[in-house]
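A.B. asks: To start, I am sharing the structure in question, which I have written as structure tokens.
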Amino acid sequence: MSGSNLPRTYDAKGAEERFYPWWEENGFFQGDPEGEGEPYSIVIPPPNVTGSLHMGHALNNAIQDFLIRYKRMDGYNAVWIPGTDHAGIATQWVVERQLREQGLDRRDMGREAFLERVWAWKEESGSVITHQLRSLGVSCDWSRERFTMDEGLSAAVRHVFVKLYESGLIYRGTRMINWDPVGQTVLSDLEVEHEENYQGEMWSFAYPLAEGGGEIVVATTRPETMLGDTAVAVHPDDPRYVDLVGKMVRHPLLDREFPIVADAELVDPEFGTGAVKVTPAHDPNDFGVGKRHDLPFLTVLDDQARVNELGGRFEGLDRYEARTAVKEAMAELGLDRGTEPHLMSVGRSQRSGAIVEPMISTQWFVKMGPLAEPAIEAVENGETKFIPERWENTYFAWMRDIRDWCISRQLWWGHQIPAWYCDDCDAVTVAMEDPTACSACGSASIRRDEDVLDTWFSSALWPFSTLGWPSNTPELSKWYPTAVLVTGFDIIFFWVARMLFSGIHHMGGVPFADVFIHGLVRDTNGEKMSKTKGNVVDPLKTIEAHGCDAFRFTLAQYATQGRDILWDDNRVEVNSRFINKIWQAFRFADMNLEDFQPGNDVELGAYDRWILVRTGEAVRRVREAMDGHRFNEVATEIHAFVVGEFCDWYIEFSKQAIYGDGPERGAAQQTLVEVLAAIARLIHPVMPFLSEEIWQQLPDSAKGGVESVMMAPYPKASDFPEDPELLAAVAPVQESIGALRKLKADMGLAPRLGISVLVDGEVSTALMAHEGALAHLAGVERLEPLRGEEPANCATLPVSGGRLVIPLDGLVDIDAERARLTSEIEKTSKDVNDLEKRLSNEGFVARAPAQVVDGFRVKLAGATEKLDKYKAALKEIS
């Protein structure tokens, strides 16, 4: 195709709209379990069905796509399985909010009607994020898309629950749990976010001794819970209270008494009064005291965090209303001992934001000890590796201190627990199929548990349930275990750990070989992105503005292992220009291929051979970085090669041959085509659309009959020649051209101004062999060895293996140039001194806004660089 038919700038939007549907329709993303090649599989971290694409999704999925496209091109039998999570709490909240806007309540509708409504919403809106992912260019096998509540995954969830129950690893027990009084459900520890430095208060009050007068003073941040107190605890070695242990105190607001107990685990005698109120039913630490001392467990708050009938006259009050009322009542009795401000940590529901209420409740639990141990060993033994390795410590810390997992949730949307309770004998029936009678007594009077399972229970099975387990499918045999899990550090506990112990227990082996942990995407100031702060970047808008390839390349640049990303959309704009530079390089080649005859036996020139050697070296470096999951290095190496070697050097080297009519033209054409075909394949995992556009426009001879670049083999270093001697011969030519160009720029000379160059030293032989390149790229009209003394007025440039001497007579007025440079040095030195003085002022740096200080630092760096250039130029002509 002639260059005249190609647009002057790359049409990113047009390429995206053409190629993605074409890839998908032709099945290029689809994996074949019966196909050839070493297996390589990734399962997508399933986004919530309620979600829309944000920067975290973009980074996570771009990295997965880099890997899957790379491995697919490299001959692996690769598959990337997408899907979404039903997101129990989040989805139920969305639909309930819609109902409230219509004046409806799910309890009035009933469970069946409500679930019909949720399923309808899911069908209508639940696939938004998977369609948005397509805008990112991801090559998921959409034919295998899964949903955590589809028929197959639901069967897997039920199978796991029943098997774990039968083996004693799932049990029903009464324990202290986290209750969300707004969301009306129990929460696991991981679903509670701890707000530090919450401004609360520490209230002190006195409990009267039941006999003989006297009192004991305790303190609490939650006055309402004193309605459920069943003991006061002191340290057994505290001399202040040794005579009180075993005595009774009287509850001044309720008609009961309870003991003073000695407990070394709970009480710190140095804190406060050294006496602690004990509420076993409403505090995790007090729960243990209650067990150790056989105390009553009095639950005084209901599921809406209102005081129940055990709270006497405070019944019906919200917990915060009761807090005020209790303090007032105690003050009236003369038992208030004062309040002090107190910074504390409070647990909030991750979803509703409500402060959670510790409560005693009967729930379903997974016994974690036997499951955690082999999962810890698998990471210790290297069966699964964390990248970066330091995240292993986070994983170990949680797994070695793990508590049993509460898996029941008081929701309607989710996998309903397959347990039935008998009204006649109280037995529990857990079964694969819905029973019609009690398994213990045969009674037909059975009712199903209304709770559903924690969303993470089904997500824990994702690496194998998506492959058809518990059936022994070809997909499961081929692609389990998966190759790599790409995820954020914030769900190591929620998901990574649970997948590891689930895979080991149910499949007999780890679910993935590697866990790549990426950082968070933050704004330019390092702040976490949030709608309330107004600093959220919409990836779809950025893609719309600058193109998908530029956006993906920017993500790769930022993806440094283990570091958070300080996102700046300006970098995407810069990279869109890089994308266009690649396009311009291709367009240059395309404009000069009209008479290209592939297959001609042409003799390649030195620069043709040089760029082929450099291509092989670039391929090796990119491969090493990709294999090591160092995606920022992938981007760096691609940019360095394409711009720094192919565009800036080879294309310039080749122009003499391309614009000529000798055999060198055919050699340069062949080299351009070969290298561009390699570049298209090299950049494809990161820049899929640009690479496909180039591939489709290349001559058929370069494509080897491969329809799409994504199906072409990824280049190997062994595809290209090695020639260290050639690289050594061309290096001084590049160095000399660069030095001469800089000299002209520093002296204000026109880039194309003809100059004479005298060469001194052993480099002379190498440069004389490349006289044409020096003339074409540095304006060298006369090149010859230095004989005798150097001219009086000249500039001297040191280069490897010698020096270049440039006579200046007739080029510049030496005296005037010295005067000009001296003046510029004086002026710029003053600027540098002023800026350094300003930045050395600690008061200014501390008080001024960060962006102002950064601006001065940028100015100082620019002024210092300018000063160095002026000094170098003066030295050259002196």
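The values are calculated or read from the model by the stated rules, or taken from the named source; none is laboratory data. Because the structure is a prediction, the values reported are computed rather than measured. FYI the Cβ positions are ideal-geometry reconstructions off the backbone, even for glycines, and counts take in every protein chain you see. Surface areas here come from the heavy atoms of the whole protein model, side chains and all, with no ligands, DNA or RNA. Shrake-Rupley method; radii C 1.70, N 1.55, O 1.52, S 1.80 Å.
A.B. asks: In the stretch 346-357, how many are open to solvent by 20 Å² or more (accessible area, probe 1.4 Å) and not in a loop (DSSP other than H, G, I, E, B)?
C.D. replies: Residues that pass the stated criteria total 2.
A.B. asks: Based on what the data block shows, is LEU310 touching a residue at least 40 places away in the same chain (Cβ under 8 Å), farther than 21 Å from TRP203 by Cα, of a type in the set (A, V, I, L, M) and crowded, with 19+ Cβ neighbours inside 10 Å?
C.D. replies: Details: touching a residue at least 40 places away in the same chain (Cβ under 8 Å): yes; farther than 21 Å from TRP203 by Cα: yes; of a type in the set (A, V, I, L, M): yes; crowded, with 19+ Cβ neighbours inside 10 Å: no.
No; evaluated as a whole, the condition is false for this residue.
A.B. asks: Here's another thing I want to ask about it. Could you count how many residues in the stretch 779-818 are of a type in the set (A, V, I, L, M, F, W, C) and open to solvent by 60 Å² or more (accessible area, probe 1.4 Å)?
C.D. replies: Just the residues of the stretch 779-818 that are of a type in the set (A, V, I, L, M, F, W, C), to begin with: 780, 783, 786, 792, 794-795, 797, 799, 804-806, 808, 811-812, 814, 816.
Pick out the ones that are also open to solvent by 60 Å² or more (accessible area, probe 1.4 Å) and you get 792.
Residues that pass the stated criteria total 1.
A.B. asks: Can you find a residue that is in contact with an Asp or Glu (Cβ under 7 Å, 6 or more places away or on another chain), over 21 Å from MET344 (Cβ atoms) and touching a residue at least 24 places away in the same chain (Cβ under 8 Å) anywhere in the stretch 184-192? Working first, answer last.
C.D. replies: The initial filter retains those residues of the stretch 184-192 that are in contact with an Asp or Glu (Cβ under 7 Å, 6 or more places away or on another chain), namely 184, 187-188.
Filter once more, so that each one left must be over 21 Å from MET344 (Cβ atoms): 184, 188.
Filter again for touching a residue at least 24 places away in the same chain (Cβ under 8 Å), leaving 184, 188.
Yes: the stretch 184-192 contains one or more residues that are in contact with an Asp or Glu (Cβ under 7 Å, 6 or more places away or on another chain), over 21 Å from MET344 (Cβ atoms) and touching a residue at least 24 places away in the same chain (Cβ under 8 Å).
A.B. asks: Going through the stretch 256-285 one residue at a time, which ones are closer than 19 Å to ARG323 by Cβ, modelled with pLDDT of 95 or more and either in a helix (DSSP H, G or I) or of a type in the set (Asp, Glu) (or both)?
C.D. replies: Of everything in the stretch 256-285, nothing turns out to be closer than 19 Å to ARG323 by Cβ, modelled with pLDDT of 95 or more and either in a helix (DSSP H, G or I) or of a type in the set (Asp, Glu) (or both).
A.B. asks: Filter the strands (runs of 3 or more DSSP E) completely within the stretch 362-474 down to those with at least 1 residues that are touching an Asp or Glu at 6+ places or on another chain (Cβ under 8 Å), touching a residue at least 40 places away in the same chain (Cβ under 8 Å) and of a type outside the set (Lys, Arg). Spell out how you get there, then give the answer.
C.D. replies: Details: elements: 385-387, 419-422, 428-430, 446-448.
The strands (runs of 3 or more DSSP E) meeting that bar are 385-387, 419-422, 428-430.
A.B. asks: Further question on the same structure: Only residues that are part of a loop (DSSP other than H, G, I, E, B) and open to solvent by less than 20 Å² (accessible area, probe 1.4 Å): list them for the stretch 237-252, please. Give the steps one after another, and end with the answer.
C.D. replies: Step one: filter the stretch 237-252 for residues part of a loop (DSSP other than H, G, I, E, B), giving 237-247, 251-252.
Those that are part of a loop (DSSP other than H, G, I, E, B) and open to solvent by less than 20 Å² (accessible area, probe 1.4 Å): ASP238, HIS251.
A.B. asks: Out of the residues in the stretch 837-875 that are farther than 30 Å from ASP523 by Cβ and among the charged types (D, E, K, R), which is modelled with the lowest pLDDT?
C.D. replies: Here is the first cut: in the stretch 837-875, the residues farther than 30 Å from ASP523 by Cβ are 837, 866-875.
Add one more test, that the residue is among the charged types (D, E, K, R), and what stays is 837, 866, 868-869, 871, 875.
On the way: LYS837: 90, LYS866: 75, ASP868: 84, LYS869: 71, LYS871: 85, LYS875: 80.
Among those residues, the one meeting the criterion is LYS869.
A.B. asks: Can you find a residue that is farther than 21 Å from PHE19 by Cβ and among the aromatic types (Phe, Trp, Tyr) anywhere in the stretch 680-703? Write out each step before concluding.
C.D. replies: First pass over the stretch 680-703, keeping only residues farther than 21 Å from PHE19 by Cβ: 701.
With the extra rule that they be among the aromatic types (Phe, Trp, Tyr), the set shrinks to none.
No, the stretch 680-703 contains no residue that is farther than 21 Å from PHE19 by Cβ and among the aromatic types (Phe, Trp, Tyr).
A.B. asks: Among what's in the stretch 822-864 and is within 22 Å of THR796 (Cβ to Cβ) and not hydrophobic (A, V, I, L, M, F, W, C), pick the residue that is surrounded by the fewest Cβ atoms within 10 Å (Cβ to Cβ). Walk me through it before giving the result.
C.D. replies: Filtering the stretch 822-864 down to residues within 22 Å of THR796 (Cβ to Cβ) leaves 822, 824-825.
Those still in the list that are not hydrophobic (A, V, I, L, M, F, W, C) too: 822, 824.
On the way: THR822: 12, GLU824: 17.
Only one residue tops the list, namely THR822.
A.B. asks: Suppose the filter is among the acidic types (Asp, Glu) and under 41 Å from the mean Cα position of the chain (by Cα); does GLU692 pass it?
C.D. replies: So GLU692 fits the description; yes.
A.B. asks: Separate question: Answer yes or no as to whether GLY27 is of a type in the set (Gly, Ala, Ser) and either surrounded by 19 or more Cβ atoms within 10 Å (Cβ to Cβ) or assigned to a helix (DSSP H, G or I) (or both). Even if it seems obvious, please write down each step before you answer.
C.D. replies: Working: of a type in the set (Gly, Ala, Ser): yes; either surrounded by 19 or more Cβ atoms within 10 Å (Cβ to Cβ) or assigned to a helix (DSSP H, G or I) (or both): no.
For GLY27, the condition - of a type in the set (Gly, Ala, Ser) and either surrounded by 19 or more Cβ atoms within 10 Å (Cβ to Cβ) or assigned to a helix (DSSP H, G or I) (or both) - is not met.
A.B. asks: Could you please find all residues in the stretch 93-124 being in contact (Cβ under 8 Å) with a residue 12 or more places away in the chain and not charged (D, E, K, R)?
C.D. replies: First, pick out the residues of the stretch 93-124 that are in contact (Cβ under 8 Å) with a residue 12 or more places away in the chain: 93-95, 98-99, 106, 111, 114-115, 117-118, 121-122.
Answer for the stretch 93-124, where residues must be in contact (Cβ under 8 Å) with a residue 12 or more places away in the chain and not charged (D, E, K, R): TRP93, VAL94, VAL95, GLN98, LEU99, PHE114, LEU115, VAL118, TRP121.
A.B. asks: Step by step: first the residues of the stretch 286-307, then only those that are without any contact (Cβ under 8 Å) to a residue 40 or more places away in the chain and not in a helix (DSSP H, G or I), then the one that is most open to solvent (accessible area, probe 1.4 Å). Which residue is that? Explain how you work it out, then say what you get.
C.D. replies: Going residue by residue through the stretch 286-307, those that are without any contact (Cβ under 8 Å) to a residue 40 or more places away in the chain are 286, 288, 291-292, 294, 302, 306.
Of the ones still in play, those that are also not in a helix (DSSP H, G or I) are 294, 302, 306.
Numbers: ASP294: 136, ASP302: 52, ARG306: 92 Å².
For the stretch 286-307, the residue satisfying everything is ASP294.
A.B. asks: Please list, ordered by first then second residue, the pairs with beta carbon atoms under 8 Å, 6 or more apart or interchain, first in the stretch 767-795 and within 17 Å of GLY738 (Cβ to Cβ), second open to solvent by 20 Å² or more (accessible area, probe 1.4 Å) and among the acidic types (Asp, Glu).
C.D. replies: ALA775/GLU781; HIS776/GLU652; LEU777/GLU652; VAL780/GLU771; LEU783/GLU771; ALA795/GLU876
A.B. asks: What number of residues within the stretch 726-748 satisfy the criterion of being over 13 Å from VAL780 (Cβ atoms) and of a type in the set (A, V, I, L, M)?
C.D. replies: Adding up the residues that qualify gives 8.
Listed here are the residues, each with its yes/no results for (1) open to solvent by 40 Å² or more (accessible area, probe 1.4 Å); (2) closer than 23 Å to ASP303 by Cβ; (3) among the basic types (Lys, Arg); (4) assigned to a helix (DSSP H, G or I).
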{"residue": "MET149", "(1), (2), (3), (4)": "no, no, no, no"}
{"residue": "VAL157", "(1), (2), (3), (4)": "no, no, no, yes"}
{"residue": "VAL162", "(1), (2), (3), (4)": "no, no, no, yes"}
{"residue": "GLY168", "(1), (2), (3), (4)": "no, no, no, no"}
{"residue": "ARG172", "(1), (2), (3), (4)": "yes, yes, yes, no"}
{"residue": "ASN178", "(1), (2), (3), (4)": "no, yes, no, no"}
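Table: residues versus (1) assigned to a strand (DSSP E or B); (2) of a type in the set (S, T, N, Q); (3) in contact with a helix residue (DSSP H, G or I) (Cβ under 9 Å, 6 or more places away or on another chain); (4) open to solvent by 10 Å² or more (accessible area, probe 1.4 Å).
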{"site": "GLY51", "(1), (2), (3), (4)": "no, no, yes, yes"}
{"site": "ASP65", "(1), (2), (3), (4)": "no, no, yes, no"}
{"site": "GLN92", "(1), (2), (3), (4)": "no, yes, yes, no"}
{"site": "GLU96", "(1), (2), (3), (4)": "no, no, yes, yes"}
{"site": "GLY103", "(1), (2), (3), (4)": "no, no, no, yes"}
{"site": "PHE114", "(1), (2), (3), (4)": "no, no, yes, no"}
{"site": "VAL118", "(1), (2), (3), (4)": "no, no, yes, no"}
{"site": "TRP121", "(1), (2), (3), (4)": "no, no, yes, yes"}
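A.B. asks: Among residues belonging to the stretch 503-532 that are at pLDDT below 95 and of a type in the set (D, E, K, R), point out the one that is surrounded by the fewest Cβ atoms within 10 Å (Cβ to Cβ).
C.D. replies: LYS531
A.B. asks: Of these, GLU16, GLU34, which one is open to solvent by 40 Å² or more (accessible area, probe 1.4 Å), of a type in the set (Asp, Glu) and not in a strand (DSSP E or B)? Write out each step before concluding.
C.D. replies: Working: GLU16 fails: open to solvent by 40 Å² or more (accessible area, probe 1.4 Å).
From the options GLU16, GLU34, the qualifying one is GLU34.
A.B. asks: Write out, first by first residue and then by second, each pair whose Cβ atoms fall under 7 Å of each other, whose residues are 6+ apart or on separate chains, and whose first residue, in the stretch 555-568, is open to solvent by less than 50 Å² (accessible area, probe 1.4 Å) and at pLDDT 90 or above while the second is part of a helix (DSSP H, G or I) and of a type in the set (Val, Ile, Thr).
C.D. replies: Going by the 7 Å Cβ cut-off, the qualifying pairs are ALA556/VAL634; ALA559/ILE63.
A.B. asks: Still on this model: Are any residues in the stretch 720-738 touching a residue at least 40 places away in the same chain (Cβ under 8 Å), part of a helix (DSSP H, G or I) and open to solvent by 50 Å² or more (accessible area, probe 1.4 Å), and if so, which ones? Spell out how you get there, then give the answer.
C.D. replies: Going through the stretch 720-738, the residues touching a residue at least 40 places away in the same chain (Cβ under 8 Å) turn out to be 720-723, 726-727, 729-737.
Still in the list and also part of a helix (DSSP H, G or I): 726-727, 729-737.
The answer is GLU735, and nothing else.
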